[in-house]
């Protein structure tokens, strides 16, 4: 099966399981809607909403309410999807405002049962974030107030909800007080925190690839949760596994019924044949290309072939180009090569015959910001212009792509070349919409996703959509931490694979690379590259193109400072607002 066929098959299995089991359907929707990847973090999750009336930042819920924390958002979304009438931060029934305290506003109020609900910011050990000074005393004050006033107080904690069956406990308590539940995952909602069906299907297939490649059973996964992966032991993980294993079993059933094997099966069965002595290789040397894309199953097969005396392996790969984690690739096989296959010489292939030295330097500097990447110095055998990498900031990125192509066409004509090749590269397939209709006689223009461009080259590369956002570049769809449960080693550096993906995109260029971003919606990658002195940074507006000094936000280092107007006039604010609320004065 190819990748898309695999995903279609998983989708078919999910649809069948939903029809057969209401419990499965409930678990699927609960995971997708209530437990996004940031769920495991008690703090450090950035706000996504702002209300100008109150001048407060927060987290938007499905029903449009803005709450203070993503933990409260989980509760609010769950209440909403269950059809429960609640009010957020309603003023308490007794006046408490004085010189020490403002008026008390509990997190939730249930008017149908006259009960209040506090969702405490405590982890599974009962600890509040270190910056929450006086939190324990505040909790004691609130509990004492409810007791003295005879008001009903319901309590939950972040740790209970995420790690200890807290939603089930809350449901039981509310039901005992007379609340009726009417779960409906299809209620209209604002598009903030849910995991899209397609994303969850891709996660399931990736998880399966790693489970099968590592020959992991249910018991193995359980043992991992009790051992080195104990930090993932949570209700969220249990919920994921409750939907994963039925899919895994149905996948296996369909293979058996059709007399098929999938790619992981093929590798594992081959390894078992060799390990069992049913096949002894006649060759002495095993050659592996693109080793950075290897899975644990491939590594097992190779190791099995090496068990006989006099067998050797020669692997060629580049960990900087490991971009297929979704398909089962495990970069740790490359970075820990000698631990897995034994000692031996390493020969760095440090010369490139494609990109110029500056393109290579810019790309190498960018990818090695991740300290876990192997270090090497790449030398170019190609000469080129002084500044071959240009970042273009424009109010209309699609227009910016057209202007970039016009610029390339003029340069090609000036140099009297007959024709030059251009790749327009996108993070996603839908980025093809950025390809203009206009034709250029002296340019051969093609669109590719960066994934599909690996191994290819063009005279000029135009990388589009370096915008902030879930479907920007880097993609801000957070990797689900549960995937690490099936892998050999977790990656801890932020956007590690996205960073390697941009490296691949840049190094497809032989002569020049252009990156296009939406001005003042620049992604964190665009912002980082702006601070590299080897790049041209050009802002294009209705008055034409001009160089412009861009100020990086000194607080988050991921955004740029833009002019904003407020109550007291103009100021500079981070373009990532409301995620970052940094502001500064405009120098006169």
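The values are calculated or read from the model by the stated rules, or taken from the named source; none is laboratory data. Please read all numbers here as calculations on a predicted model, not as lab measurements. Don't worry about glycine lacking a Cβ; one is built from the backbone with ideal geometry, like all the others, and counts go over all protein chains shown.
Testing residue 18 on (1) over 28 Å from residue 208 (Cβ atoms); (2) surrounded by 13 or more Cβ atoms within 10 Å (Cβ to Cβ); (3) free of Cβ contacts under 8 Å to residues at least 40 places away in the same chain, one condition comes back false. Which one is that? It is condition (1) that residue 18 fails. Considered as a group, the residues in segment 59-77 that are over 16 Å from residue 118 (Cβ atoms) and in a helix (DSSP H, G or I) include one that is modelled with the highest pLDDT, and that residue is 77.
Here is the figure for segment 475-499: residues that are more than 22 Å from residue 214 (Cα to Cα) and part of a loop (DSSP other than H, G, I, E, B) total 7.
Are any residues in segment 360-383 farther than 20 Å from residue 322 by Cβ and under 29 Å from the mean Cα position of the chain (by Cα), and if so, which ones? Correct list: 361 only. Considering segment 132-157, the residues that are in contact (Cβ under 8 Å) with a residue 40 or more places away in the chain and out of contact with any strand residue (DSSP E or B) (no Cβ under 7 Å at 6 or more places or on another chain) include one that is farthest from residue 104 (Cα to Cα), namely 149. Selection within segment 322-345: residues that are out of contact with any helix residue (DSSP H, G or I) (no Cβ under 8 Å at 6 or more places or on another chain) and in a loop (DSSP other than H, G, I, E, B). The member of this set that is nearest to residue 215 (Cα to Cα) is 336.
With respect to the conditions (1) in contact with a strand residue (DSSP E or B) (Cβ under 8 Å, 6 or more places away or on another chain); (2) over 18 Å from residue 289 (Cβ atoms); (3) surrounded by 21 or more Cβ atoms within 10 Å (Cβ to Cβ), residue 302 falls short on a single one, namely (2).
Here residue 509 passes the criteria (1) modelled with pLDDT of 90 or more; (2) closer than 30 Å to residue 207 by Cα except the one numbered (2).
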